[in-house]
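Colleague: Here's a structure for you.
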């Protein structure tokens, strides 16, 4: 599973906050989140008009458990305090994890479709 979260500057950071301050806070957040059991790796990138974080949690349960960790809450609050907000949060699943839930369909020859 991938969790792709897009963060954009939506508020006003404290005076004298530099871009380096935000990058340091995001680095700290990613390393804190990655230490939660089952969270997998967490990286960040520039993209989509903001910062994009990509995590590899084992499942939805882990993704929710991450947010209950005090250290994770503190790290995320630090990024939010710099004026960033989550504008999009996506979960992407590997095909083998989804296939058991998709009904098998009979192959219909092209000439028989309509």
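The values are calculated or read from the model by the stated rules, or taken from the named source; none is laboratory data. All values reported here derive from a predicted model rather than from experimental measurement. We place every Cβ from the backbone using ideal geometry, glycine too, and count neighbours over all the protein chains shown.
Colleague: If you check 52, 42, which single one turns out to be closer than 25 Å to residue 96 by Cα and in contact with a strand residue (DSSP E or B) (Cβ under 9 Å, 6 or more places away or on another chain)?
Modeller: 42
Colleague: I need the full set of residues from region 10-24 which are within 25 Å of residue 92 (Cβ to Cβ) and surrounded by 15 or more Cβ atoms within 10 Å (Cβ to Cβ), in order please.
Modeller: Those that are within 25 Å of residue 92 (Cβ to Cβ) and surrounded by 15 or more Cβ atoms within 10 Å (Cβ to Cβ): none in region 10-24.
Colleague: What number of residues in region 72-99 are surrounded by 13 or more Cβ atoms within 10 Å (Cβ to Cβ) and part of a helix (DSSP H, G or I)?
Modeller: 8
Colleague: Here's a follow-up. Hey, could you check region 25-34 for residues that are touching a residue at least 12 places away in the same chain (Cβ under 8 Å) and out of contact with any helix residue (DSSP H, G or I) (no Cβ under 7 Å at 6 or more places or on another chain) and say which is surrounded by the fewest Cβ atoms within 10 Å (Cβ to Cβ)?
Modeller: Only one residue fits best here, namely 27.
Colleague: Related question: Taking the residues in region 42-64 that are within 11 Å of the chain's Cα centre (by Cα) and outside any strand (DSSP E or B) as candidates, determine which candidate is surrounded by the fewest Cβ atoms within 10 Å (Cβ to Cβ).
Modeller: Result: 56.
Colleague: A further question on this structure: State which residue pairs qualify: first residue at pLDDT 80 or above and inside region 87-114, second residue surrounded by 10 or more Cβ atoms within 10 Å (Cβ to Cβ) and not in a strand (DSSP E or B) in any location, beta carbons under 6 Å apart, and separation of 6 or more residues or different chains.
Modeller: Hits for this filter: 93/1.
Colleague: Can you find a residue that is touching a residue at least 40 places away in the same chain (Cβ under 8 Å) and closer than 25 Å to residue 18 by Cα anywhere in region 58-72?
Modeller: Scanning region 58-72 turns up at least one residue that is touching a residue at least 40 places away in the same chain (Cβ under 8 Å) and closer than 25 Å to residue 18 by Cα.
Colleague: Of 20, 90, 73, which residue is over 15 Å from residue 9 (Cβ atoms) and out of contact with any helix residue (DSSP H, G or I) (no Cβ under 9 Å at 6 or more places or on another chain)? Show your work before the answer.
Modeller: On the way: 20 fails: over 15 Å from residue 9 (Cβ atoms); 73 fails: out of contact with any helix residue (DSSP H, G or I) (no Cβ under 9 Å at 6 or more places or on another chain).
Every option except 90 fails the conditions.
Colleague: Same structure, new question: Can you find a residue that is in contact with a helix residue (DSSP H, G or I) (Cβ under 9 Å, 6 or more places away or on another chain) and more than 29 Å from residue 95 (Cα to Cα) anywhere in region 35-57?
Modeller: No, region 35-57 has no match at all.
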